[in-house]
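Each remark here refers to the structure printed beneath this line.
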Amino acid sequence: MQRNDGRAPDEIRPLNFELNVAPHASGSVLVSMGKTRVICAVTIEEAVPRWMKEQGVTGGWLTAEYSMLPYSTQPRKPRDTTKGRIDGRSVEIQRLIGRSLRAVTDLEKLGPRTIWVDCDVLQADGGTRTTAITGASLALAIAGRKLVREKKIDAPPMQKLIAGVSAGILDGQAIVDLIYEEDKLVTVDFNVVATEDGEFVEVQSSGEEATFAGSQLDEMLVLGRKGIAESIAAQRAMLARLMMTPSNS
């Protein structure tokens with residue numbers, strides 16, 4: 001199958017990380033997946049939400065916020081503030097990002113702190129939610145190491161790296177890492193988040209006015225796991241350049 005951008009069905013777009021794009025954050029990454037570009041920044045607050053205090057919950061908390069900047073799409077996307085509320089899609093995505101990162105973070109080890117993960121889409125060409133998760137994973141690993149260097153905690157709270165990738169069925173063929181034009185045409189929409197050791201954090205799949213077979217689901221899972229392995233390898237390479245390795249304990 002020949003895709004519009006020349007990639008093979010199992011080939012993800014070029015993945016790039018630019019670090020320290022937000023100097024006031026504890027860890028920040030501009031992640032590019034092809035033409036999709038997302039700033040992921042982690043800040044740490046020396047406090048926990050009120051509900052944790054009221055319910056006597058120990059440890060810390062991690063939460064995420066996601067937004068698409070007005071100029072990230074054509075036509076311009078109005079800011080949520082002009083509508084007086086966050087749109088449903090943004091709420092869904094930021095919950096996904098938060099769930100995914102909490103799944104690999106030891107909140108007890110974090111102590112009474114809150115980790116804020118902000119993901120802002122600069123340019124959207126498909127896969128913004130999965131690209132945000134991949135960038136946020138790296139930003140969180142960097143922020144955790146900073147906490148250790150500052151002697152605020154003994155070991156990084158992040159236990160494993162994670163990444164996400166999209167997939168779908170187009171003209172009967174399973175493909176991975178959809179660009180926007182492909183995302184509009186697929187009959188099955190699929191997103192997967194998994195850890196560096198291949199364990200799933202979240203799998204989302206739905207037919208777009210169509211059904212799909214178990215064999216097609218298996219094909220998308222295979223492509224997704226391959227794409228995630230490649231994305232995490234890129235994260236590892238960047239961390240190696242920083243002489244950092246996230247804790248596996």
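Observations
- For the stretch 95-104, the candidate set comprises residues that are touching a helix residue (DSSP H, G or I) at 6+ places or on another chain (Cβ under 9 Å) and surrounded by fewer than 23 Cβ atoms within 10 Å (Cβ to Cβ); within that set, the residue that is farthest from MET238 (Cα to Cα) is LEU96.
- Breaking point among (1) open to solvent by less than 30 Å² (accessible area, probe 1.4 Å); (2) under 20 Å from the mean Cα position of the chain (by Cα), for VAL21: (1)
- Taking the stretch 188-203 as the range and being surrounded by fewer than 17 Cβ atoms within 10 Å (Cβ to Cβ), more than 14 Å from ARG102 (Cα to Cα) and among the hydrophobic types (A, V, I, L, M, F, W, C) as the test, only VAL203 passes.
- Every residue from the stretch 208-221 that is touching a residue at least 12 places away in the same chain (Cβ under 8 Å) and exposed (fewer than 14 other Cβ atoms within 10 Å of the Cβ): GLU209, ALA210
- Residue within the stretch 31-43 that is in contact with a Phe, Trp or Tyr (Cβ under 7 Å, 6 or more places away or on another chain), open to solvent by 30 Å² or more (accessible area, probe 1.4 Å) and either among the hydroxyl-bearing types (Ser, Thr, Tyr) or farther than 30 Å from ALA174 by Cβ (or both) present: yes
- Selection from the stretch 54-74 of residues that are modelled with pLDDT under 95 and over 21 Å from the mean Cα position of the chain (by Cα): GLN74
- Taken as a whole, the stretch 48-65 holds at least one residue that is in contact (Cβ under 8 Å) with a residue 60 or more places away in the chain, open to solvent by 20 Å² or more (accessible area, probe 1.4 Å) and either under 24 Å from GLN123 (Cβ atoms) or part of a loop (DSSP other than H, G, I, E, B) (or both).
- ASP171 being modelled with pLDDT under 95 and either touching a strand residue (DSSP E or B) at 6+ places or on another chain (Cβ under 6 Å) or over 23 Å from THR195 (Cα atoms) (or both): yes
- Criterion: surrounded by fewer than 24 Cβ atoms within 10 Å (Cβ to Cβ) and among the aliphatic types (A, V, I, L, M) - qualifying residue of LEU138, LEU178, LEU185: LEU185
The values are calculated or read from the model by the stated rules, or taken from the named source; none is laboratory data. As the structure is a computational prediction, the values presented were derived from the model and not from experiment. Every residue, glycine as well, gets a Cβ built from its backbone with ideal geometry; the counts of neighbours run over all protein chains shown. The protein model used for the area step is the full one, side chains on, heavy atoms only, and it has no ligands, DNA or RNA in it. Shrake-Rupley method; radii C 1.70, N 1.55, O 1.52, S 1.80 Å.
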